[in-house]
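Following: one structure in structure tokens, then a few remarks.
The values are calculated or read from the model by the stated rules, or taken from the named source; none is laboratory data. Since the structure is predicted, the reported quantities are computational estimates derived from the model, not experimental observations. Cβ placement follows ideal geometry from the backbone for every residue including glycine, while neighbour counts extend to all protein chains displayed.
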Amino acid sequence: MNHLKSHWDNVYDTKADPELGWYEPHPETTLQLIDKCHLQPDASILAVGAGTSNLIDALVSSGYHNIIANDLSKVALTKLKARIKHEFNHDLNCITDDLTQPKALLEQDQIDLWVDRAVLHFFLTEEEQHSYFELIKKVIAKGGYVLIAVFALDGAEKCCGLPLQRYNTDMLQEKLGDEFQLLESMDYTFINPFGGERPYVYTLFKRV
């Protein structure tokens, strides 16, 4: 994964946020699904592949204060941490780790909400996908939630120059298994900063 780390460090080092193809000024669809979880302000929220996402700003401004931001790129998390500190005087907990070969993330447990917007679809091999879903099963508390938003089957085949594994709801359910109950699924077409249409599938599961 070293080549991917270099890839993402370079992306975040050379591009401003609005130049990123996945940039959302306000992540409305993600926040709508999070609202359905009815979490307490001290709920443990793990945002994987957070990059420099404005989702973190929205969560902090909504009163959540136990947020963990993860990314493979230390460059991205350094930018994110500085912005959150400056704008909200909040010391964000950031973990640089690889979701397919996790180390620091394995020390987490009792996570109330896992949020992934546009990360899973970069993992192409069965081994990578298995590691990702096993990590979810290790860290999510019983009664906790998993929010995954990925490119739909009719979505783009590449993002940021990298090939993708696209999904539908049934595929995600199969990967998670019976201990995760689907609460909501929706198709959503994201319009990227360059005007391109990017079909996503958004899903919310609960561990039962």
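Listed values, structure above:
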read-out: Subset tally (residues that are more than 18 Å from K158 (Cα to Cα), acidic (D, E) and surrounded by fewer than 13 Cβ atoms within 10 Å (Cβ to Cβ)) for the stretch 8-43; value: 4
read-out: Residue count, the stretch 89-146 (criterion: within 21 Å of L162 (Cα to Cα) and in contact with a strand residue (DSSP E or B) (Cβ under 8 Å, 6 or more places away or on another chain)); value: 11
read-out: When residues of the stretch 107-151 are limited to those that are assigned to a loop (DSSP other than H, G, I, E, B) and either without any contact (Cβ under 8 Å) to a residue 40 or more places away in the chain or at positive phi (or both), the one surrounded by the most Cβ atoms within 10 Å (Cβ to Cβ); value: A118
read-out: Residue satisfying all of: in the stretch 123-159; modelled with pLDDT under 95 and of a type in the set (A, V, I, L, M, F, W, C); nearest to the chain's Cα centre (by Cα) among these; value: C159
read-out: Looking only at the stretch 49-71, and only at residues there that are crowded, with 24+ Cβ neighbours inside 10 Å and hydrophobic (A, V, I, L, M, F, W, C), the one that is farthest from the chain's Cα centre (by Cα); value: L59
read-out: Pair list, Cβ < 8 Å and 6+ apart or interchain, from the stretch 185-200 residues that are farther than 17 Å from M171 by Cβ to residues that are surrounded by 14 or more Cβ atoms within 10 Å (Cβ to Cβ) and hydroxyl-bearing (S, T, Y); value: T189/Y200; F190/Y200; N192/Y23; P193/Y23
read-out: Lone unmet requirement of (1) within 23 Å of L162 (Cβ to Cβ); (2) in contact with a Leu (Cβ under 8 Å, 6 or more places away or on another chain); (3) aliphatic (A, V, I, L, M) for I34; value: (1)
read-out: Test for M171: is it more than 17 Å from the chain's Cα centre (by Cα), surrounded by 12 or more Cβ atoms within 10 Å (Cβ to Cβ) and not small (G, A, S); value: yes
read-out: Matching entry among K74, K79, K85, K36 (being in contact with a strand residue (DSSP E or B) (Cβ under 8 Å, 6 or more places away or on another chain) and more than 29 Å from T169 (Cα to Cα)); value: K74
